[in-house]
1. Report the gain in length on full extension from residue 123 to residue 22: 0.36 nm times residue separation, minus Cα-Cα distance, nm rounded to one decimal.
2. Using mean Cβ contacts within 10 Å as the protection proxy, how do 257-265, 222-230 order, highest first?
3. Could you calculate the FRET efficiency of residue 150 with residue 51 from 1/(1 + (r/R0)^6), where r is the beta carbon distance between them and R0 is 25 Å, rounded to 0.05?
4. Add +1 for every Lys or Arg and -1 for every Asp or Glu among the other residues with Cβ under 10 Å from the Cβ of residue 175, and state the total.
5. To the nearest 10 square angstrom, what accessible area does residue 127 show with a 1.4 Å probe?
6. Among the listed pairs 19/144; 20/144; 87/147, which are separated by more than 21 Å between their Cα atoms?
7. So for 39, 15, what's the accessible-area order with a 1.4 Å probe, most first?
Amino acid sequence: MFLGELLCYIAFRIWFFYKKFQNQDLSAFGDQKFNPFIWAIPTMCDLFGTSILYVGLTWTFAASFQMLRGSVIIFTGLLSVAFLGNKLKIYYWVGMVMVIVVGVGDYVFSGGDPGLDKNTVLAGDLLIILAQIITAVQMTIEEKILKKYKTYPLQGVGLEGIFGFSVLDLLLIPMYFIPWYLPQSSSSWQEHARFEDTIDAFKQLAYTPYVLVPSLGLVFSIAFFNFAGLTVTKTMNATTRMVLDTLRSIIIWVISLAVGWQKFEFLQPVGYIILFIGIWIYYDLIIMPASTMGKTEFRNKVIVHLNLHCIR
């Protein structure tokens, strides 16, 4: 993940120096006189939040994991109002609540994997929600930095990549020497008792294309994904970024069903319908436009519509 973000910094520097060499306007790159270490704070939030998030994923279902991630919208909205002074209209909150409602039935309808009991699913769901609180803090800090220093999104992603990559590289050294065994119930084979075997990981990448190709795909997809995310945060706000992020969940759900990783539950399509309605309400695409429209304007539009219908 952080390797992909680090590549963004390299791309930013190449682009910046090219523009500078051509004596072009550099105002689009924002103020370059800021302390880059301020980006270490959201990086640490990203590191801890992602770690907790994927531990929770191992205890719950892939589609439920994606749906529960929608709870970050509420936390981000609350923090943006409290610390950034953003004002969210009532239909924003209605849409946000509808987006996170899709994960409510996860504990009750835990039929995706017979090997997971309800207590395990609940623990996984709670870890995911905790990770979303940390992510909301990260999003709020990023929005604050972007709008205060006018940082270019590609540079911001790159700085997070540098700090995250550096911290993880340092952590891999002691992890290699920490003895740790996989649980007896695990079907994974373990040659050495190590908490993190980096050398073995590189061997797997070198000799197993099924590991190498998805890993390379992840590196580049993370780079584009986070650059797009920070761009939305800078031009709009962090809450909008999180609302758009929930659209990925339906792709995860369809793939999980297609490959047989999860059984179909009738509540899930209902949840996705609520998800999309919530997003439409958030962006003021349905219901609220009619209610916020002036009475005269609304009445005139209705009359015009009726006249056109009569003509037809």
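1. 30.8 nm
2. With the highest mean Cβ count within 10 Å placed first, the list reads 222-230, 257-265.
3. Calculated transfer efficiency: 0.20.
4. Value of the local net charge: -1.
5. Roll a 1.4 Å probe over it and residue 127 shows about 50 Å².
6. Table pairs above 21 Å Cα-Cα are 19/144; 20/144.
7. So, going from the largest accessible area down, we get 15, 39.
The values are calculated or read from the model by the stated rules, or taken from the named source; none is laboratory data. On a predicted model such as this, the values are computed, not experimentally measured, just so you know. Backbone-built Cβ (ideal geometry, glycine too); neighbour counts: all protein chains shown. Calculation scope for accessible area: heavy atoms of the full protein, side chains included, ligands and nucleic acids excluded. Shrake-Rupley method; radii C 1.70, N 1.55, O 1.52, S 1.80 Å.
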